[in-house]
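Asks: Structure in structure tokens, see below.
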Amino acid sequence: MYGSELERGYLKHRAVLFDLDGTLLNTLQDVADAVNYGLAGLHFPLHPIAAYKTFIGEGRDVLIRRALPTENRDDTTIQKVLEKVNAYYAIHWADNTVPYPGVPELLNTLTAKDIKITVLSNKADDLTNICVTKLLSRWRFSLVAGSKPSVPNKPDPTSALLIAKALEIKPAEFIYLGDSDIDMKTANGAGMYALGAGWGFRSAAELQNAGAKVVLKHPGELLQYL
């Protein structure tokens with residue numbers, strides 16, 4: 001694993017809060033295809049798949065804004081592209097999306113250990129729940145939450161704290177696993193134990209700089225921190 005020496009003496013963790021895109025599921029290809037479809041429909045330049053690693057993470061509007069040319073990032077254009085993206089993604093969201101290697105085994109072990117598992121994403125709430133229901137249905141998540149108009153998006157810690165409150169588990173008893181600076185800031189803001197998913201969309205350096213306690217190389221390494 002990346003990072004300094006293994007930390008000991010932390011509070012026993014009773015729950016894990018997972019980010020979705022780039023942490024549990026590799027959604028990159030399908031997201032990139034959907035946004036490129038929307039851009040092409042309005043004759044804007046397309047982006048290579050790798051570029052979307054830095055576009056994803058702060059919700060749909062921000063994703064589209066980053067993908068558009070600087071001079072075309074007005075609200076009207078964003079909404080026009082977003083309509084096309086949503087229509088395409090509703091049909092093709094699972095063409096290539098799969099759990100990362102090691103994720104099923106990790107979820108199996110957490111379930112066997114009776115560790116509560118939850119999901120928090122900046123993806124729209126309905127899409128977040130569809131992704132989990134269709135691709136992660138083998139496991140019982142205590143709570144799955146996506147972006148909602150009534151709650152600020154990550155890195156605001158409100159949504160993470162609401163999950164802790166709903167489960168009646170102290171924030172300090174949560175491991176938070178995510179793949180971006182947004183996730184690490186959310187985890188630390190909520191008082192949760194921040195672990196970086198080194199297999200995701202962002203670099204180990206970004207995660208460390210944003211406050212990751214450790215950046216994991218493989219999902220199974222999380223078990224050392226229970």
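Asks: Can you tell me how many residues in the stretch 64-90 are of a type in the set (Lys, Arg) and either over 22 Å from residue 180 (Cβ atoms) or within 17 Å of the chain's Cα centre (by Cα) (or both)?
Replies: 2
Asks: Out of the stretch 162-184, which residues are of a type outside the set (D, E, K, R), over 10 Å from residue 17 (Cα atoms) and touching a residue at least 40 places away in the same chain (Cβ under 8 Å)?
Replies: Listed by number, the residues that qualify are 167, 169, 172, 180, 182.
Asks: Next question, about the same structure. Select from the stretch 155-192 the residues that are assigned to a helix (DSSP H, G or I) and of a type in the set (Gly, Ala, Ser) and write down the one among them that is surrounded by the fewest Cβ atoms within 10 Å (Cβ to Cβ).
Replies: Among those residues, the one meeting the criterion is 166.
Asks: Sticking with this one: Select from the stretch 112-134 the residues that are surrounded by 15 or more Cβ atoms within 10 Å (Cβ to Cβ) and more than 15 Å from the chain's Cα centre (by Cα) and write down the one among them that is farthest from residue 20 (Cα to Cα).
Replies: By that ranking, first place goes to 115.
Asks: Looking only at the stretch 34-53, filter to residues that are under 15 Å from residue 95 (Cβ atoms) and of a type in the set (A, V, I, L, M, F, W, C); which one of those is surrounded by the fewest Cβ atoms within 10 Å (Cβ to Cβ)?
Replies: 49
Residue-wise test of (1) of a type in the set (Asp, Glu); (2) without any contact (Cβ under 8 Å) to a residue 40 or more places away in the chain.
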| site | (1), (2) |
| --- | --- |
| 26 | no, no |
| 49 | no, yes |
| 55 | no, yes |
| 59 | no, no |
| 99 | no, no |
| 104 | no, yes |
| 122 | no, no |
| 126 | yes, yes |
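Asks: Looking only at the stretch 204-220, how many residues end up being of a type in the set (Lys, Arg) and under 23 Å from residue 172 (Cβ atoms)?
Replies: 1
Asks: Right, here's the next one. Take residue 133 and tell me if it is without any contact (Cβ under 8 Å) to a residue 40 or more places away in the chain, assigned by TED's automatic domain parsing to the domain that holds residue 166 and of a type in the set (Val, Ile, Thr).
Replies: Taking the combined requirement at face value, the residue satisfies it.
Asks: On the given criteria, is residue 61 outside any loop (DSSP other than H, G, I, E, B), under 20 Å from the mean Cα position of the chain (by Cα) and at pLDDT below 95?
Replies: Answer is yes for this residue.
Asks: Given the conditions (1) outside the structural domain of residue 200 (by TED's automatic domain parsing); (2) in a strand (DSSP E or B); (3) not basic (Lys, Arg), report the number of the one that residue 85 does not fulfil.
Replies: (2)
Asks: Further question on the same structure: Hey, any hits in the stretch 194-204 for a residue that's part of a helix (DSSP H, G or I) and in contact with a Phe, Trp or Tyr (Cβ under 9 Å, 6 or more places away or on another chain)?
Replies: Yes, that holds for at least one residue.
The values are calculated or read from the model by the stated rules, or taken from the named source; none is laboratory data. The shown structure was predicted, so the numbers you read here are calculated from the model rather than taken from an experiment. Counting neighbours? That spans all protein chains shown, and the Cβs are built from the backbone with ideal geometry, glycine included.
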